[in-house]
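A short worksheet on the structure shown next.
The values are calculated or read from the model by the stated rules, or taken from the named source; none is laboratory data. What you are looking at is a predicted structure, and each value in this text was computed from that prediction instead of being measured. Positions of Cβ are backbone-derived with ideal geometry, glycine not excepted, and every protein chain shown enters the neighbour counts.
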Amino acid sequence: MTKYRKKPIEVEAFLFDHEPIPKWFKDACELFGYTTYCNNGYIDSIEIHYPVNDVTFKRGDYVIRGIEGEVYPCDPDIFKKTYDEVKGNK
């Protein structure tokens, strides 16, 4: 078996809970269509309707914009194990 290491790339991401929703995520929602699910006036989740499947972004997930512009959710524990913040780049 051959082992592989993930290439060091930088991605944009935000925590879908405390941070403002960036334009690139809003653009993805508008491009593919989306549904929001609310509870007591707060958005609990957003479901983007991609051509192949629907993807749900839950409150507390990190939302990642990949190197090809793709947008996908990531569990906070996995995100913290996989990514380090790039300092001085906000």
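Within the range 39-54, can you find the residues that are surrounded by 12 or more Cβ atoms within 10 Å (Cβ to Cβ), among the aliphatic types (A, V, I, L, M) and farther than 13 Å from Ala28 by Cα?
Filtering the range 39-54 down to residues surrounded by 12 or more Cβ atoms within 10 Å (Cβ to Cβ) leaves 43-50, 54.
From what is left, the residues that are among the aliphatic types (A, V, I, L, M) are 43, 46, 48.
Correct list: Ile43 only.
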Number of the condition not met by Ile64 [criteria: (1) over 16 Å from Lys80 (Cα atoms); (2) in a strand (DSSP E or B); (3) at pLDDT 95 or above]: (1)
Qualifying residue in the range 32-39 (condition: of a type outside the set (Lys, Arg), under 11 Å from the mean Cα position of the chain (by Cα) and in a helix (DSSP H, G or I)): no
Scope the range 67-88; condition touching a strand residue (DSSP E or B) at 6+ places or on another chain (Cβ under 7 Å) and not hydroxyl-bearing (Ser, Thr, Tyr); matching residues: Val71, Pro73, Cys74, Pro76, Phe79
Members of the range 67-77 found to be at pLDDT below 95 and closer than 21 Å to Ser45 by Cα, listed by number: Gly69, Glu70
Which listed residue is at negative phi, surrounded by 13 or more Cβ atoms within 10 Å (Cβ to Cβ) and of a type in the set (Asp, Glu), from Glu12, Glu68: Glu12
